[in-house]
1. Hey, does the stretch 73-85 have a residue that's more than 22 Å from Phe178 (Cα to Cα) and surrounded by 17 or more Cβ atoms within 10 Å (Cβ to Cβ)?
2. Hey, any hits in the stretch 186-196 for a residue that's of a type in the set (Val, Ile, Thr), in contact (Cβ under 8 Å) with a residue 40 or more places away in the chain and loosely packed, with under 14 Cβ neighbours inside 10 Å?
3. Restricted to the stretch 126-140, and to residues that are at pLDDT below 95 and assigned to a loop (DSSP other than H, G, I, E, B), which residue is farthest from Arg166 (Cα to Cα)?
4. Name the strands (runs of 3 or more DSSP E) wholly inside the stretch 24-106 in which the number of residues that are within 30 Å of Gln9 (Cβ to Cβ) is 2 or more.
5. Only one residue in Ser137, Ser202 is small (Gly, Ala, Ser), surrounded by 11 or more Cβ atoms within 10 Å (Cβ to Cβ), over 17 Å from Val15 (Cβ atoms) and under 17 Å from the mean Cα position of the chain (by Cα). Which one?
6. Taking the stretch 11-44 as the search range and keeping residues that are of a type in the set (Lys, Arg) and surrounded by 16 or more Cβ atoms within 10 Å (Cβ to Cβ), which one is nearest to Gly91 (Cα to Cα)?
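The values are calculated or read from the model by the stated rules, or taken from the named source; none is laboratory data. All figures in this text were calculated on a predicted structure; none of them were measured in a lab. Cβ placement follows ideal geometry from the backbone for every residue including glycine, while neighbour counts extend to all protein chains displayed.
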Amino acid sequence: MPSTAQTAQRSTLKVHTATGSAKTITAISKADPCVITATHDFAVGDIVYLTGIVGMTELNGRAAVVTAISTTVSFTCGGIDSTDYTTYVSGGTATEQTMTAVGNIKDFSIDQDAASEIDITNLDSTRKEFMIGLAGSWTMSCGMQIDSTNTGQLELTSAQNDGLYRVFAVTLASGKIFAGVGYVMSFGASGSADGVVEGTLSLRGTGQPVWFA
């Protein structure tokens, strides 16, 4: 049987460097994958930021990957299962993110934080008892060769300095996309004789990402 392993070569890391105009949402399905109704000009592969939604608030502050479109009236958010979300009421916007490649990436590691544990042990317990709390978010670390002229790397420096969120995306050679909202926790550099300047990046995600839609 042929291997189903995916090559890491030709994967890209991108960070948003600008935003398009906000598109007004008028409906959201409870389905897997989630479908959003809005007059738009998105294309498959675009990444949008969702906010201001009343009712289905689970989507607020999240990045979504457009994996299908229906002319200009709706789009599918791959990797987002809204079946059990609260019912959409009104409002909200989807804003396209201009994604710029971070140059000279050598490796990346994306980790899902463990869920919290809630101790529910009481005087009737015969052993420690726990229930699962909130699911964790995500972290990412990357190694790269520093390029002080690369727009993506310059954006990482800006993000570290201003402390504001950015939308990040890793696209595999297969076209599958990881996308999430996060912050640059550190972006450092090191060098040695007869070597290039190496960079290390650490990201802290917030909220739920989309895993390789």
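1. No, the conditions are met nowhere in the stretch 73-85.
2. yes
3. For the stretch 126-140, the residue satisfying everything is Gly133.
4. The strands (runs of 3 or more DSSP E) meeting that bar are 47-51, 62-70, 74-78, 93-101.
5. Ser137
6. Lys23
Yes/no matrix, rows are residues, columns are (1) under 14 Å from the mean Cα position of the chain (by Cα); (2) within 17 Å of Lys106 (Cβ to Cβ); (3) outside the structural domain of Val66 (by TED's automatic domain parsing); (4) not charged (D, E, K, R):
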site	(1), (2), (3), (4)
Cys142	no, yes, yes, yes
Lys176	yes, no, yes, no
Gly180	yes, no, yes, yes
Ala189	no, yes, yes, yes
Gly195	no, yes, yes, yes
Phe212	yes, no, yes, yes
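The rows are residues; the columns are (1) in contact with a strand residue (DSSP E or B) (Cβ under 6 Å, 6 or more places away or on another chain); (2) at pLDDT 95 or above; (3) aliphatic (A, V, I, L, M); (4) closer than 30 Å to Gln153 by Cβ.
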residue	(1), (2), (3), (4)
Met1	no, no, yes, no
Thr17	yes, yes, no, yes
Ser21	no, no, no, yes
Ser29	yes, yes, no, no
Cys34	yes, yes, no, no
Thr37	yes, yes, no, no
